[in-house]
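The block underneath contains the structure these notes are about, expressed in structure tokens.
The values are calculated or read from the model by the stated rules, or taken from the named source; none is laboratory data. Keep in mind it's a predicted model, so treat the numbers as computed, not measured. Note: ideal-geometry Cβ built from the backbone for every residue, glycine included; neighbour counts use all protein chains shown. Just so you know, the surface numbers come from the protein's heavy atoms only, side chains and all, with ligands and any DNA or RNA stripped out. Shrake-Rupley method; radii C 1.70, N 1.55, O 1.52, S 1.80 Å.
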Amino acid sequence: MKTISIEYKKYLKKQRLRKYIIVSAQISILVLFIGLWEMLAKVGAIDTFIVSSPSRIFRTISELYISGSLFNHIFTTLWEAMLGFTIATLGGSLIAIILWWSETLRKILDPYIVVLNSLPKIALGPLIIIWVGVGTSAIVTMDILIMIIITIISMLNAFNQVEHSKIMLLKSMSASKFQILVKLILPSSLSEFISLLKINVGLTWVGTIMGEYLVSKAGLGYLIIYGSQIFNIDLVMSSTIILCILAALMYFIVALIEKKVSKKLQS
């Protein structure tokens, strides 16, 4: 037992060292990229009018903060993204459960789901504005349309991949369809659901910014469009950097959830 304990400690130490190396490398690459970008801008090797520079981006963000508009734009986009993400993920998962429950309904709607998934959502932009009006409602609708079909397809595939032998075992024990869903299908699809959250983290920002491109009076997408219209690349790059930070934070939250779920499943 003592030998196993020592070996296990060595293994944990090795894993911690590996994690430290990975994080250090990630930070180093980022710092190197920013430093190289700034240096090339200072010596005139790149045109700052086209690609801006870290110092100009920092100055622009500071100006937005001083003007009091920075957090207004951030919270506007963040609220729209979180609202669309939540509705599309939960709504799509619920629809997937309904389709799993009714095989007849699933076969009826299957071709329509495929067609809707292949439809370019940006083409529906003018219709969305007519249907739900301008502002947050249109942006969130676009966000939902980007994610909900992917959510339905992903979760439905996860439900259908559960081993048929396990389902038959529960049926032989007189389990109801609801019990099979709660005791087997949903727990077995938990890892796929976490993977779906990661996919939707990326898609929600695509949908939100796409919606803000179409119609918005505030938000990071609005700043990007406004900056491009007046050829203010500093504003465009600043908004894009903030957008990347928000997306990364959202991804890390999902990754943390995945880590806790994995520990719970292993215990």
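In segment 22-37, is there at least one residue being over 26 Å from the mean Cα position of the chain (by Cα), under 29 Å from LYS217 (Cβ atoms), of a type outside the set (S, T, N, Q) and in a helix (DSSP H, G or I)? No; the residues of segment 22-37 include none that is over 26 Å from the mean Cα position of the chain (by Cα), under 29 Å from LYS217 (Cβ atoms), of a type outside the set (S, T, N, Q) and in a helix (DSSP H, G or I).
Considering segment 226-239, the residues that are crowded, with 17+ Cβ neighbours inside 10 Å and among the β-branched types (Val, Ile, Thr) include one that is nearest to ILE130 (Cα to Cα), namely VAL236. Inside segment 45-92, residues that are under 30 Å from LEU190 (Cα atoms), crowded, with 20+ Cβ neighbours inside 10 Å and among the β-branched types (Val, Ile, Thr) make up a count of 2. Suppose we filter segment 144-172 for residues that are among the hydrophobic types (A, V, I, L, M, F, W, C), closer than 18 Å to SER102 by Cα and open to solvent by 80 Å² or more (accessible area, probe 1.4 Å); how many remain? Selection size over segment 144-172: 1.
Collect the residues in segment 93-121 that are among the hydroxyl-bearing types (Ser, Thr, Tyr) and loosely packed, with under 13 Cβ neighbours inside 10 Å, keeping them in residue-number order.
If the condition is that a residue be among the hydroxyl-bearing types (Ser, Thr, Tyr) and loosely packed, with under 13 Cβ neighbours inside 10 Å, then SER102, THR104, TYR112, SER118 are the ones that fit.
Taking first residues from segment 210-228 that are touching a residue at least 24 places away in the same chain (Cβ under 8 Å) and partners that are part of a helix (DSSP H, G or I) and among the aromatic types (Phe, Trp, Tyr), the Cβ contacts under 7 Å between residues at least 6 apart in sequence or on separate chains come to GLU212/TYR222; SER216/TYR222; GLY221/TYR213. Scanning segment 209-222 for residues that are of a type outside the set (Asp, Glu), closer than 17 Å to PHE71 by Cβ and open to solvent by less than 50 Å² (accessible area, probe 1.4 Å) yields a total of 5.
Please tell me if GLY202 is under 30 Å from ILE130 (Cα atoms), crowded, with 17+ Cβ neighbours inside 10 Å and either at pLDDT 85 or above or over 12 Å from the mean Cα position of the chain (by Cα) (or both).
It is false that GLY202 is under 30 Å from ILE130 (Cα atoms), crowded, with 17+ Cβ neighbours inside 10 Å and either at pLDDT 85 or above or over 12 Å from the mean Cα position of the chain (by Cα) (or both).
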